[in-house]
Amino acid sequence: MNTVYSIHISIFGIIMSIGFDNSILEKFFLEVSKQKLLVPLWPTEDSISYYDQTLLPFELKQCIAYSPNDLTNAIRSMQIRGSGAIGCAGAFGAALAVFSAPHDPQQWLKLTESLRTARPTAVILEKAVDEVLTEARKHPEDSIKIASNVAVAFFLRQLEMERTIGEYGQKLIPDGSTILTHCNSGALAGAGYGGRALSVIRAAMEAGKKIQVIAQETRPYLQGARITAWELDQLHIPVKLASDGMSAALMQKNLVNVCIVGSDRIAANGDLINKVGSCLIALAAREYGVPFYSVTTFYNVDLLCPDGMSVPIEMRSGKELLSINGHLITLPTFEGIYPSFDITHASLISGIITEKGVLFPPYHSKLVNLVKGKVLCSINIQNDCNY
């Protein structure tokens, strides 16, 4: 077992002192012990521990959040990032709010107000907070226990969805493939198995397929170069780095067989909202006949947004473009512009890989069924859309 991916098995023993339900703890420990996991955050006695992802791959530093506001700051500063991890942070942050004011639901809302909107494009964050607080509000006499259990259950559900996503998605990956991915949609962006996109890649490797990955560096935080490449190296999956502008050139030379990215939000029509640069990959993939898949869960689907243009796109500070890891790369007087996400039209997406199966276009009715929890049709790989 890889050292880094097994690091959490002993750490989780300390969470019992909060008073989690024994049955849910047993399931939690079982899931942790039977897999190689790289968990981005976890509960301790009175706080949430997490890894500062801005320091990777050079330092694996553990930090502590004592309040929902601490988690808000960690998310906004990109120490905790990726839709799955953000969702888990939302669930655990909501539990911390309940711990601090067990009998005051109005105070819970105040304490989690900034947490809900820490990353406005990531719809899973608000859903996670609401899931914990809604259940705790139903049982005011036992709110701490309920909030604790719901938060842990949310985490375990994310973990199980990652494994299921991998099982469905790896069937789309031919043996011998070179896979292009963007940003980090991996274990540290999820619950510890492989997040969204890397769950598919990891499952393909575990199925015995000989694959390799090209990870785009993903400016300005370089999540692809710093985190995705590092995670793949930990799993002994061959990986090469490419700059964000190389996807078309690589496809022109037939160096890419499949493109796989994660998802921060999926609109009702199937439009994908993901890390900026995803749309450029999809456009190149359409031009050169390469399948382009997005990986998501029902938590990331927003049926209230009819299409991608109705989704709020987070605009981060342009100053973040002027430096890399704190080192200026141009004059500090210059201005930058940084939309953190872009919109990939549903027509560019070959399929959406989910915890219930793979969706092929048209997407709307299938996304509705996904959100409603209906079992989707079995995958027929022969019917995959080919450009």
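Cross-linked pairs Lys110/Lys275; Lys127/Lys356; Lys36/Lys127: Cα-Cα separations exceed 22 Å for Lys110/Lys275; Lys36/Lys127.
Taking Cα atoms only, the orientation of helix 143-169 departs from the longest principal axis of the chain by about 20 degrees.
Counting neighbouring Cβ atoms within 10 Å and putting the fewest first, the residues His103, His327, His364 line up as His327, His103, His364. Per-residue ellipticity at 222 nm computed for the chain from its helices equals -11000 deg cm²/dmol, with DSSP H segments shorter than 4 residues left out and the rest contributing -39,500 (n - 2.57).
To the nearest ten degrees, helix 123-138 and the longest principal axis of the Cα atoms of the chain are 20 degrees apart. Of all beta bridges that DSSP places with both ends in the chain, some 55 percent have antiparallel geometry. In this label model, Gln252 and Thr134 are separated by 5.0 nm, measuring between points 7 Å along each Cα→Cβ vector. Which residues does a label at Lys61 reach in the stretch 74-118, if reach means a backbone N under 17 Å from a point 7 Å past the Cα toward the Cβ? Only 74-81 pass the distance filter. Across the chain, the mean sequence separation of Cα contacts (distance under 8 Å, 6 or more residues apart), normalised by length, yields a relative contact order of 14 percent. Split the chain at each of the GluC sites (Glu not before Pro) in a DSSP loop with at most 10 other beta carbon atoms within 10 Å, and the longest piece is 60-334.
Each of Ser177, Ser263 was scored by other Cβ atoms within 10 Å of its Cβ. Listed from fewest to most, they are Ser177, Ser263. Kirkwood hydrodynamic radius computed over the chain comes to 20.9 Å, based on all pairs of distinct alpha carbons. Relative to the dominant Cα principal axis of the chain, helix 83-100 is inclined by about 10°. By a straight-distance test (C-alpha under 15 Å), which aspartates and glutamates pair with Lys171 as possible cross-link partners, with residues fewer than eight away in the same chain excluded? Straight-line reach from Lys171, under 15 Å: Glu162, Glu206, Glu355, Asp384. Scaled against 2.2 N^0.38 Å for its residue count N, the alpha carbon radius of gyration of the stretch 172-383 is 1.01. For the stretch 245-387, the relative contact order comes to 28 percent (Cα pairs under 8 Å, sequence separation of at least 6). Each of Cys305, Cys183 was scored by other Cβ atoms within 10 Å of its Cβ. Arranged with the fewest first, they read Cys305, Cys183.
Since every read-out is calculated from the coordinates, none of them should be taken as a lab result. In this text, all values refer to a predicted model and were calculated from it rather than measured experimentally. Every residue, glycine as well, gets a Cβ built from its backbone with ideal geometry; the counts of neighbours run over all protein chains shown.
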